[in-house]
Each structure stands twice: as structure tokens, then as C-alpha cells.
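**Q** Sending over a structure as C-alpha cells; questions will come in a sec.
The values are calculated or read from the model by the stated rules, or taken from the named source; none is laboratory data. All values reported here derive from a predicted model rather than from experimental measurement. Every residue, glycine as well, gets a Cβ built from its backbone with ideal geometry; the counts of neighbours run over all protein chains shown. Heads up: the accessible areas ignore ligands, DNA and RNA and are worked out on the full protein's heavy atoms, side chains in. Shrake-Rupley method; radii C 1.70, N 1.55, O 1.52, S 1.80 Å.
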Amino acid sequence: MSEQDLVRDRCVVVTGGGNGIGRAIARKMAAQGARVVVGDLDSAAAERVAAEVGGVAVGGDVSTDEGVGRLLSAAAGRVDIFFANAGVGVGKGIDTPDADWHTAIEVNVLAHVRAARALIPDWLESGGGRFVVTASAAGLLTMLGSAPYSVSKHAAVAFAEWLSVTYGHRGITVQALCPQGVRTKMLDDSGEFRDLLSHDVALEPEQVAEVVWEALHDDRFLILPHPEVQRYYETRAGRTDAWL
Ligand code: ADP
């Protein structure tokens, strides 16, 4: 398949596409000729990005079946690539209330489960599709900072891996994007974590989108956008030490 054909005229859905990594992915996919559905809880942000990339905006909460349904309706038929990208950086330490734990699990894990449940039957019938979960380096290596964030992102990686081993041999490609310290609103809002980011490994969302684009050319499961994360993961995978 030529570079040009990878996403040209394909339907790509990006949840959390109104800001940060999702917006950069939406722009990259549109620039490569995809038809893009931009979903976001922040409807105005979704509208802005959709207008910019000539796509369709869908406001709504992707952690509900209704929100997922609206995204799939907007795709009008087939979804070729689903970027399960919406996420929240809620919660902090041991005193984090249950409500914040629930939000982290709902948005960072169950939203992906709901989307996959809606997509997979069609993909099994139609010969396949691609499901890319925006997890985090915090889904591979426990980081200081928010407990619900690290725990929910570990679960997001585990769910993506389960999808991959379960459906990978049936034409469904699943990938887990594990960036670290991307310069987005989430990093700005993270306070303690942002201040702990002592070494300069932060990436711009556009750099992450470039790595995502490269990863669409193959089926490797983990997408690690920063070489330092790659090295760290290779040498320390399986250990539970805090990273920072
Ligand atoms: P990052 O790009 O680093 O993951 P951002 O905070 O910049 O972080 O982007 C996350 C996006 O996900 C935001 O635009 C936010 O509105 C969106 N989002 C968060 N929760 C939901 C949700 N439940 N449904 C849809 N979009 C959501």
C-alpha cells in the first residue's frame, strides 16, 4: 500500500480530538486525506478542529454508550481507524475520593471498552479495522503523581493488549500509544507531576502525531513516541519502581 493510500478517503474517528494529542492526530490524518470525525466533550473545541480539517464534529461524552453511538452515526457506515484518545488526568494521592477514581476508570478505560464493543462485530464481518488507544508511559511504568491516572492507564494498556491477542489474528490491529510528558493542557494542569518532570523529555503533540503516523505503517503493539521512554521501557520493563 502506498503512503498516499494508507488513510486516503478512509474514515477516522478521534475521540478527545478537540485538544492536545487528539487534535494533532486529527490534523495529521486529515492532511493525509482521511475523512475525520472529531469527538470531544468540549463541543466548541470539536467544532473548531472539525472546521479546520474539513471533518465532522461530535460533542459528547465518550464514556457513555450514547456518546459512542453518536460518533459511529457521524461516521455514517464504516469506521476504518478508531483513535480511543479522550482521557482525563483526574485524581492525586491516597486521599483521592472514589468519585475521581470512577471518572478515571470510566474515561480512561471503560470508554475504550464501549467503543471496541460497538466496533468489533462490524470489523469481524467486514475484514478488519484499526483501534489505537492513547494510553501513556504511565500505563507501563508507575509514575509519581496521580494514582488513578497510573492505574487507569495500566488498565488501558492491558485492555488494548487483550483486544490485540483476542482479535489480532482476525484482521483487527490494536495499538497502545504510550507518550510521556506531552505539552498539552493536561500536563499544564497536572501541577505536581509537571513540576516533577525534571528532565526535558516533553514532546509537542505534533511530534506524537508523527510517530502515530509512522506506526500506522505496521502492526507493532506499543507506540512509544520518545526514545528515552523506549530505552527506559526496554531496560526496566517489568519493574515497579517509580520513574521520576
Ligand atoms: P492529552 O492530549 O494530553 O491527552 P488534553 O486534555 O489536551 O490531553 O486532551 C484530552 C481531550 O479529551 C480534551 O479535549 C477533553 O475535552 C477530552 N475528553 C475528556 N474526557 C472526555 C469524555 N468523557 N468524552 C469525550 N472527550 C473527553
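Yes or no, residue by residue, for (1) assigned to a helix (DSSP H, G or I); (2) open to solvent by less than 10 Å² (accessible area, probe 1.4 Å); (3) under 26 Å from Gly69 (Cα atoms):
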| residue | (1), (2), (3) |
| --- | --- |
| Ala118 | yes, no, yes |
| Leu124 | yes, no, yes |
| Leu144 | no, no, no |
| Val151 | yes, no, no |
| Ala155 | yes, no, yes |
| Trp162 | yes, no, yes |
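**Q** Out of all the residues in segment 115-133, which are farther than 16 Å from Leu41 by Cα and within 14 Å of the ligand (Cβ to nearest atom)?
**A** Correct list: Val132, Val133.
**Q** I need the full set of residues from segment 169-194 which are modelled with pLDDT under 85 and in a loop (DSSP other than H, G, I, E, B), in order please.
**A** Let us first name the residues in segment 169-194 that are modelled with pLDDT under 85, namely 180-194.
Once the filter is applied, which keeps residues that are modelled with pLDDT under 85 and in a loop (DSSP other than H, G, I, E, B), segment 169-194 yields Gln180, Gly181, Arg183, Thr184, Ser190, Gly191.
**Q** I'm trying to understand the selection: among the residues of segment 5-19, which are buried (at least 24 other Cβ atoms within 10 Å of the Cβ) and assigned to a helix (DSSP H, G or I)?
**A** Let us first name the residues in segment 5-19 that are buried (at least 24 other Cβ atoms within 10 Å of the Cβ), namely 12-18.
If the condition is that a residue be buried (at least 24 other Cβ atoms within 10 Å of the Cβ) and assigned to a helix (DSSP H, G or I), then no residue fits.
**Q** Determine, yes or no, whether Ser150 is within 16 Å of the ligand (Cβ to nearest atom), at pLDDT below 95 and out of contact with any Gly (no Cβ under 7 Å at 6 or more places or on another chain).
**A** Working: within 16 Å of the ligand (Cβ to nearest atom): yes; at pLDDT below 95: yes; out of contact with any Gly (no Cβ under 7 Å at 6 or more places or on another chain): yes.
Spelling it out, Ser150 is indeed within 16 Å of the ligand (Cβ to nearest atom), at pLDDT below 95 and out of contact with any Gly (no Cβ under 7 Å at 6 or more places or on another chain).
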